Amino acid sequence: GENVEQHPSTLSVQEGDSAVIKCTYSDSASNYFPWYKQELGKGPQLIIDIRSNVGEKKDQRIAVTLNKTAKHFSLHITETQPEDSAVYFCAKGGWGKLQFGAGTQVVVTP
Amino acid sequence: GAVVSQHPSRVICKSGTSVKIECRSLDFQATTMFWYRQFPKQSLMLMATSNEGSKATYEQGVEKDKFLINHASLTLSTLTVTSAHPEDSSFYICSARDSGSGGTYEQYFGPGTRLTVT
């Protein structure tokens, strides 16, 4: 199973509202934390990532925050749009392999 | 940039036959590629790490003689599912790390291959 706990498993939001997904982990070695968006029948797409020497990173409507002391990181999507509907996966790793969370099904309703 | 392709996108094969899936990095070189399997409504499960010019490293529980991996060039890795059975039906996804970016962690994923074994 995953070594990354991801919550919630499903998230329904009204268009224009914000969505937040949180992941927690337990090891101290991981220093790279990417987020992927996967649409049905497609491969995952890297949407944002953060390294352990940074606490927050933002790219337009998407932001990621990392609390390395507490070992959790979160994805924030603001002003959600219907095209944001997808499954989102967090992951952790470094030079080696990535370990993925279980995924969050996000549904944005107009 | 950072485009990864997979071929075929869908394949149906009969039980007992073998099928090969190709993963290509189109605009960068990748000394390391990864092969994942994803069952419906589940997360990605790493099967193996493919290293150019050397043997692949398989995850625990993945049969190396059943899932043959060949990473013969800096832009191509192949996964061959040998003697396929219906339980091998799944979505197979590869990813590649850009080895020319001076130290990047990013993995870029292909579009996936849907394998159905009848």
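Restricting attention to segment B:55-79, which residues are small (Gly, Ala, Ser), open to solvent by 70 Å² or more (accessible area, probe 1.4 Å) and over 24 Å from A:ASN3 (Cα atoms)? Working first, answer last.
Let us first name the residues in segment B:55-79 that are small (Gly, Ala, Ser), namely B:56, B:61, B:72-73, B:77.
With the extra rule that they be open to solvent by 70 Å² or more (accessible area, probe 1.4 Å), the set shrinks to B:61, B:72.
Hit for segment B:55-79 is B:ALA72, nothing else.
Given the criteria at pLDDT 95 or above, of a type outside the set (A, V, I, L, M), open to solvent by less than 40 Å² (accessible area, probe 1.4 Å) and farther than 26 Å from A:GLY103 by Cα, does B:LYS20 qualify?
No.
Rundown of residues vs (1) over 17 Å from B:GLY110 (Cβ atoms); (2) aromatic (Phe, Trp, Tyr); (3) touching a residue at least 40 places away in the same chain (Cβ under 8 Å); (4) touching a helix residue (DSSP H, G or I) at 6+ places or on another chain (Cβ under 7 Å), yes/no style:
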site	(1), (2), (3), (4)
B:PRO8	no, no, yes, no
B:LYS14	yes, no, yes, no
B:ALA30	no, no, yes, no
B:ARG37	no, no, yes, no
B:GLN42	yes, no, no, no
B:GLY53	yes, no, no, no
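Condition check ((1) at pLDDT 95 or above; (2) within 10 Å of chain A (Cβ to nearest Cβ); (3) closer than 26 Å to A:SER52 by Cα) across all residues:
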| site | (1), (2), (3) |
| --- | --- |
| B:PHE28 | no, no, yes |
| B:GLU87 | yes, no, no |
| B:PRO111 | yes, yes, no |
| B:THR116 | yes, no, no |
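Name the residues in segment A:43-62 that are crowded, with 16+ Cβ neighbours inside 10 Å and not acidic (Asp, Glu), would you? Steps first, please.
Of all residues in segment A:43-62, those crowded, with 16+ Cβ neighbours inside 10 Å come to A:43-44, A:46-50, A:52, A:62.
If the condition is that a residue be crowded, with 16+ Cβ neighbours inside 10 Å and not acidic (Asp, Glu), then A:GLY43, A:PRO44, A:LEU46, A:ILE47, A:ILE48, A:ILE50, A:SER52, A:ILE62 are the ones that fit.
In segment A:63-110, how many are crowded, with 18+ Cβ neighbours inside 10 Å and of a type in the set (Asp, Glu)?
Of the residues in that region, 1 qualify.
Name the residue that is farthest from the other protein chains (Cβ to nearest Cβ), counting only residues in segment A:77-110 that are part of a strand (DSSP E or B) and within 17 Å of B:ALA96 (Cα to Cα). Spell out how you get there, then give the answer.
Restricting attention to segment A:77-110, the residues satisfying the condition of being part of a strand (DSSP E or B) are A:77, A:86-93, A:99-100, A:104-109.
Imposing the further condition that a residue be within 17 Å of B:ALA96 (Cα to Cα) reduces the set to A:91-93, A:99-100.
Details: A:ALA91: 8, A:LYS92: 11, A:GLY93: 7, A:GLN99: 8, A:PHE100: 5 Å.
Checked segment A:77-110; the qualifying residue farthest from the other protein chains (Cβ to nearest Cβ) is A:LYS92.
Checking A:ASP17 against (1) assigned to a strand (DSSP E or B); (2) at pLDDT 95 or above: exactly one of these is not met. Which one?
For A:ASP17, the exception is condition (1).
On the basis of being away from every other protein chain (no Cβ under 14 Å), among the polar types (S, T, N, Q), open to solvent by 60 Å² or more (accessible area, probe 1.4 Å) and closer than 27 Å to B:ILE93 by Cα, does A:SER26 make the cut?
Considered against the rule, which asks whether it is away from every other protein chain (no Cβ under 14 Å), among the polar types (S, T, N, Q), open to solvent by 60 Å² or more (accessible area, probe 1.4 Å) and closer than 27 Å to B:ILE93 by Cα, A:SER26 comes out as yes.
Within segment B:82-101, track down each residue that is exposed (fewer than 13 other Cβ atoms within 10 Å of the Cβ) and in a strand (DSSP E or B).
Selection gives nothing.
The values are calculated or read from the model by the stated rules, or taken from the named source; none is laboratory data. Note that the coordinates shown come from a computational prediction; the quantities given were computed from them, not determined experimentally. With ideal geometry, Cβ positions are generated from the backbone for all residues, glycine too; neighbour counts draw on all protein chains shown. When the accessible area is computed, the model is the full protein with side chains, heavy atoms only, and any ligands, DNA or RNA have been set aside. Shrake-Rupley method; radii C 1.70, N 1.55, O 1.52, S 1.80 Å.
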